[in-house]
Amino acid sequence: MNMMGDDKKGSDSDSVLRFELNTGAKMPAVGLGTWKADPGAVGEVVIAAVKIHWPIRTKPGSGGFGADVMAPLCLPETWNAMEGLYASGQARAIGVSNFSTKKLQELLKHAKVTPAVNQVECHPIWQQPALHHFCNSTGIHLSAYSPLGSPGSWINGEVMKDETLLDVAGKLNKSPAQVALRWGIQSGHSVLPKSVNESRLKENLSVFDWCIPSHLFTDFSQIPQQRLLRGDFAINETSPYKSIQELWDGEI
Ligand SMILES: NC(=O)c1ccc[n+]([C@@H]2O[C@H](COP(=O)([O-])OP(=O)(O)OC[C@H]3O[C@@H](n4cnc5c(N)ncnc54)[C@H](OP(=O)(O)O)[C@@H]3O)[C@@H](O)[C@H]2O)c1
């Protein structure tokens with residue numbers, strides 16, 4: 001994975017507008033999250049990539065994740081079908097989401113096409129450095145969902161209230177959201193903040209002409225860590241996962 005621009009963590013240089021995927025495509029460093037956007041709020045959308053959303057399988061035609069709809073996992077077969085979409089040109093990139101290091105390792109054992117992206121929860125209070133390192137070393141781009149902690153949703157994380165983040169925001173005269181997003185970009189991953197508020201969209205995109213200096217960037221490593229979207233919904237008697245530890249292969 002290459003960054004177009006700054007290539008050093010905590011570097012004082014500015015602007016990382018896009019990341020290069022292993023397909024050669026360029027991915028915006030700040031994407032637009034659309035989850036829970038009102039109907040019509042998102043205009044024209046171009047589908048350029050498809051991903052396995054969770055390492056979970058449910059019965060065809062079912063909804064939700066209850067015990068009655070869970071089906072045995074078949075990740076190799078699913079990935080093989082995704083590779084077919086890629087080979088036929090129906091998807092310009094294929095990726096995964098909510099995959100642990102172990103699940104990526106398993107997938108890579110039989111994959112003909114390396115996933116372009118692993119979209120996972122990532123923000124200053126769930127930094128996932130080991131997964132980040134593995135993705136970097138295998139050419140998989142890590143893309144961060146809920147980079148602001150998903151305030152106002154049932155996840156309702158307090159990323160933007162973290163003391164270290166607020167301290168850095170005050171010193172740089174930036175908003176907590178901007179510092180959270182800039183931390184992600186400087187860590188080497190893209191971020192997917194969701195907003196349907198025009199001024200916040202502009203705020204979230206104003207993270208390219210400044211940076212978090214190294215001496216403040218290192219402060220983020222002291223922040224206590226907590227996964228916010230734990231995936232408890234996927235744990236039940238018919239699920240392949242009998243515990244949260246199994247779902248995340250210990251990365252929790
Ligand atoms: N793959 C997965 O399993 C998965 C899981 C969760 C999310 N996602 C993706 O990640 C995207 C983003 O995640 P998310 O929506 O959970 O969380 P998020 O982007 O961390 O937080 C969104 C919340 O932050 C608010 N917000 C946005 N910009 C702000 C700012 N500058 N200052 C203060 N508040 C701000 C938004 O409110 P307003 O809209 O009112 O501004 C919204 O309530 C989703 O749209 C979805 O595409 C993927």
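For segment 170-189, enumerate the residues that are away from the ligand (no atom under 11 Å from the Cβ) and small (Gly, Ala, Ser).
Just the residues of segment 170-189 that are away from the ligand (no atom under 11 Å from the Cβ), to begin with: 170-173, 182-183, 185-189.
Within segment 170-189, 170, 187, 188 qualify.
Can we say residue 223 is closer than 23 Å to residue 104 by Cα and surrounded by fewer than 21 Cβ atoms within 10 Å (Cβ to Cβ)? Here the answer is no, as residue 223 does not meet what is asked. Residues that are modelled with pLDDT of 95 or more and near the ligand (Cβ under 10 Å from one of its atoms) are absent from segment 125-138. Against the test of being more than 7 Å from the ligand (Cβ to nearest atom) and out of contact with any Ser or Thr (no Cβ under 8 Å at 6 or more places or on another chain), the options 199, 150, 195 yield a single qualifying residue, 199.
Within segment 88-103, the set of residues being touching a residue at least 24 places away in the same chain (Cβ under 8 Å) and either over 22 Å from residue 132 (Cβ atoms) or exposed (fewer than 13 other Cβ atoms within 10 Å of the Cβ) (or both) comprises 91, 92.
Taken across segment 141-158, residues that are in a helix (DSSP H, G or I) and surrounded by 14 or more Cβ atoms within 10 Å (Cβ to Cβ) do not occur at all. Against the list (1) modelled with pLDDT under 95; (2) crowded, with 18+ Cβ neighbours inside 10 Å; (3) not in a helix (DSSP H, G or I), the condition residue 119 fails is (1).
Annotation note: Cβ proximity below 9 Å between a residue of segment 171-200 that is touching a residue at least 40 places away in the same chain (Cβ under 8 Å) and more than 10 Å from residue 30 (Cα to Cα) and a residue that is surrounded by fewer than 19 Cβ atoms within 10 Å (Cβ to Cβ) and of a type in the set (Asp, Glu) (sequence gap 6+ or interchain) occurs for 188/7; 195/203; 196/38.
The values are calculated or read from the model by the stated rules, or taken from the named source; none is laboratory data. Quick caveat: nothing in here was measured; it's all calculated off a predicted structure. Virtual Cβ from ideal backbone geometry, glycine too; neighbours counted across all protein chains shown.
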